[in-house]
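The values are calculated or read from the model by the stated rules, or taken from the named source; none is laboratory data. On a predicted model such as this, the values are computed, not experimentally measured, just so you know. All Cβ positions, glycine included, derive from the backbone under ideal geometry; neighbour counts span all protein chains shown. Heavy atoms of the whole protein, side chains included, go into the accessibility calculation; ligands, DNA and RNA do not. Shrake-Rupley method; radii C 1.70, N 1.55, O 1.52, S 1.80 Å.
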Amino acid sequence: MIFDSHCHPQMAQYDKDREEVINRALEEDVFVICVGTDLETSKQAIELTQKHEGMWASVGLHPNDNLNEKFEPEKYRELLQQNKVVAFGEIGLDYYRTKKSEDQKFQKKRFIQQLELSKEMKVSLILHCRDSKAGSSGRAYPDMIEILKNGNYVANGGVIHSYTGSLEEAKQFLDLGLYVGFNGIVTFARQYDEIVRDVPLERMLLETDAPYLTPEPHRGKRNEPAYVIEVAKKVAELKNESYEKVIEQTTKNCQNLFKLNA
Ligand SMILES: [Zn+2]
């Protein structure tokens with residue numbers, strides 16, 4: 001049994017074969033956290049998880065989704081109370097596609113509003129964070145760490161998903177009690193090897209972020225939750241641990257964070 005702690009099987013990329021994709025995962029004992037990125041995809045995530053055992057949902061508004069879209073706490077409050085909703089996210093900061101400082105300011109403001117709701121609802125967080133390209137307008141990771149610390153927003157735990165920050169920042173997220181999520185990036189980009197080795201297995205989650213970020217050896221194809229197995233294999237290799245140990249521990253981590261009694 002293994003968890004894909006972050007993917008989007010509700011998205012349009014799976015309109016033609018969604019059930020097959022989900023069944024391929026479940027047949028391999030891959031359990032799935034289906035993550036929303038706005039109101040619509042959050043509702044779709046919930047719907048999908050009602051139809052399948054072995055799937056749970058997270059609801060949230062991705063930082064890149066429509067900078068004009070106000071965050072409406074009452075709508076998310078309602079979704080958070082639905083059956084099988086286990087987290088709030090993905091929410092966060094993304095300076096990769098949002099480069100203007102006034103837009104980044106808006107992102108931060110909206111992120112804080114979301115964190116306030118997570119505090120009120122006592123729900124764990126799925127955090128998205130991405131820096132701008134080197135040399136352009138700023139880094140998102142330090143801003144996120146500062147916001148989380150200042151507002152004391154991590155009491156209910158969470159994961160910083162698709163980790164691409166520095167090793168030093170990874171340690172700060174660990175100090176805040178958060179899990180660090182790794183996906184197919186670690187199978188094809190070598191600059192995170194040291195971070196994978198240094199983050200303790202007890203604090204690590206595995207994910208695919210499907211349909212994006214397809215791992216080796218499936219590069220060039222659409223990603224899907226069953227491919228989380230490739231991420232686990234690579235983590236095992238980098239950490240010099242057995243594959244069985246990696247999936248056993250990361251499964252426990254996922255069950256702890258999202259309070260699943262699977
Ligand atoms: Zn995602």
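Select from the range 92-195 those trypsin sites (Lys or Arg not before Pro) which occupy a DSSP coil region and have at most 16 other Cβ atoms within 10 Å, ordered by residue number.
Taking the range 92-195 and a limit of 16 other Cβ atoms within 10 Å, the loop trypsin sites (Lys or Arg not before Pro) found are 97, 99, 100, 122, 133.
Treating only the Cβ of Lys, Arg, Asp and Glu as charged (+1, +1, -1, -1), what charge dipole size does the chain show about its Cα centre? Round to the nearest 20 debye.
That gives the chain a dipole magnitude of about 580 debye.
Of 70/122; 109/171; 234/259; 43/105; 75/109, which pairs sit farther than 20 Å apart, going by alpha carbon to alpha carbon?
70/122; 109/171; 234/259; 43/105
To the nearest Å, what is the center-to-center distance of the range 31-100 and the range 147-225, using C-alpha atoms only?
Value for the Cα centre distance between the two parts: 18 Å.
Could you calculate the FRET efficiency of residue 18 with residue 122 from 1/(1 + (r/R0)^6), where r is the beta carbon distance between them and R0 is 41 Å, rounded to 0.05?
0.80
Placing +1 on the Cβ of each Lys and Arg and -1 on the Cβ of each Asp and Glu in the range 2-258, which of 249, 86, 172 has its Cα farthest towards the positive end of the resulting dipole?
Projecting each Cα onto the dipole axis, the largest value belongs to 172.
If you scale each eigenvalue of the Cα gyration tensor by 5 and take the root, what three semi-axes come out for the chain, rounded to whole angstrom and sorted largest first?
25, 22, 18
Once the dipole of the chain is set up with Lys and Arg at +1 and Asp and Glu at -1 on Cβ about the Cα centre, which of 192, 25, 55 lies farthest towards its positive end?
Farthest along the dipole direction, towards plus: 192.
Might you tell me the accessible area per residue for the range 2-258, computed with a 1.4 Å probe and given in Å²?
So the range 2-258 comes to 43 Å² accessible per residue, rounded to a whole number.
Given 10 °C and 1.306 mPa s, compute D for the range 50-205 with the Stokes-Einstein relation, Rh being the Kirkwood radius over Cα pairs; round to the nearest whole µm²/s.
Calculated translational D: 98 µm²/s.
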